[in-house]
1. Taking square-rooted eigenvalues a ≥ b ≥ c of the alpha carbon gyration tensor, is the chain rounded, prolate or oblate, where a/c under 1.5 means rounded and, failing that, a/b exceeding b/c means prolate?
2. Could you look at the chain and say what percent of its accessible area is carbon and sulfur, using a 1.4 Å probe and all protein chains?
3. If you take the beta carbon distance between L244 and A31 as r and set R0 to 25 Å, what does 1/(1 + (r/R0)^6) give as a FRET efficiency, to the nearest 0.05?
4. How big is the charge dipole of the chain about its Cα centre, in debye rounded to the nearest 20, if each Lys and Arg gets +1 on its Cβ and each Asp and Glu gets -1 on its Cβ?
5. For segment 152-176 and segment 230-244, what is the centre-to-centre distance using only Cα atoms, to the nearest Å?
6. Counting only C-alpha contacts under 8 Å and six or more residues apart, can you give the relative contact order of segment 144-252 as a whole percent?
7. Suppose only helical runs count, i.e. DSSP H with n ≥ 4. What mean residue ellipticity at 222 nm does that imply for the chain under -39500 (n - 2.57) per run, divided by all residues and rounded to the nearest 500 deg cm²/dmol?
8. Would you please give the FRET efficiency between F251 and E190, computed as 1/(1 + (r/R0)^6) with r the Cβ-Cβ distance and R0 = 35 Å, to the nearest 0.05?
Amino acid sequence: MGVLERSRSGLCSFGLNLSIMDPVLLEIAKAAGYDFVRLDCEHILFDNRTVSEMLRIGRLLDLDVQVRVPDLTRVTALLDNGAQGIMAPHIESREEVWEAEKAVKYPPKGERGLTRAARVLGYGRQDVASYQKQANREIALIVQIESRKGLENIEEILQQPGLDMVATGRNDLSQSLGIPGKKNDPSVLEAENFIIRKTLEYGKIPTILCKSKKRFQELYDKGVRCFTIARDDLLLKKAAENQLTVMKEIFK
């Protein structure tokens, strides 16, 4: 069961944000029990071959792979190779959502390009019409609302019918609100809560980054069921630091 279906059924999904360019991270995420991973191609310079391999491994593992993109130029190729979700950051208007929707969804919902030779179509083996219906139902269009302007235009953004999921971005929100880096400031948390409330009001699915048990309980009580809860490089750094600290205790 994919992330969208799990969320529509009221089940929790837990994701891992990936910045390390190695497909083995997908195997580790699957073994650890995560429901999906999200490649950060906005801030990390993933190369095309690595991304294609990570999408292939995700399909083999039955692990949803979402991709946060810096722009829409590679969306068709990402979807044809197996991405189960596209996250468009810095969305501030309905028009921007529509541009993303056109790239992600097949007609009549969008204008996604078609090739029967795609990996997701079994290189020509799968029926096109049935795949298009399945893709429009199961592949997530995710937008990030992470600015003052996005907050101001949130209702028009959420009215777009092809939009599936909405994420926040507290770092960018803090910057837009004039307090850069203070992502736990009450005004930033208030903005995030506002986005979540509006998202649920419009029948969309919030997907939120959450790293503390306290915040998880707050978000769960608000109705959030899709979470990213960690980032691979930061997890590795923390584990490495903790192990080193334990070993050095002998010198104290």
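The values are calculated or read from the model by the stated rules, or taken from the named source; none is laboratory data. Bear in mind the structure is a predicted one, so any value in this text is a computation, not a measurement. FYI the Cβ positions are ideal-geometry reconstructions off the backbone, even for glycines, and counts take in every protein chain you see. Only protein heavy atoms, including side chains, enter the accessible area calculation; ligands, DNA and RNA are left aside. Shrake-Rupley method; radii C 1.70, N 1.55, O 1.52, S 1.80 Å.
1. Oblate shape, in that a/c is at least 1.5 and b/c is the bigger or equal ratio.
2. 53 percent
3. Using R0 = 25 Å, I get an efficiency of 0.55.
4. Working: 38 positive and 36 negative charges, 112 e Å.
Charge dipole of the chain: 540 debye, to the nearest 20.
5. Their Cα centres are 30 Å away from one another.
6. 22 percent
7. -13500 deg cm²/dmol
8. It comes out at approximately 0.15.
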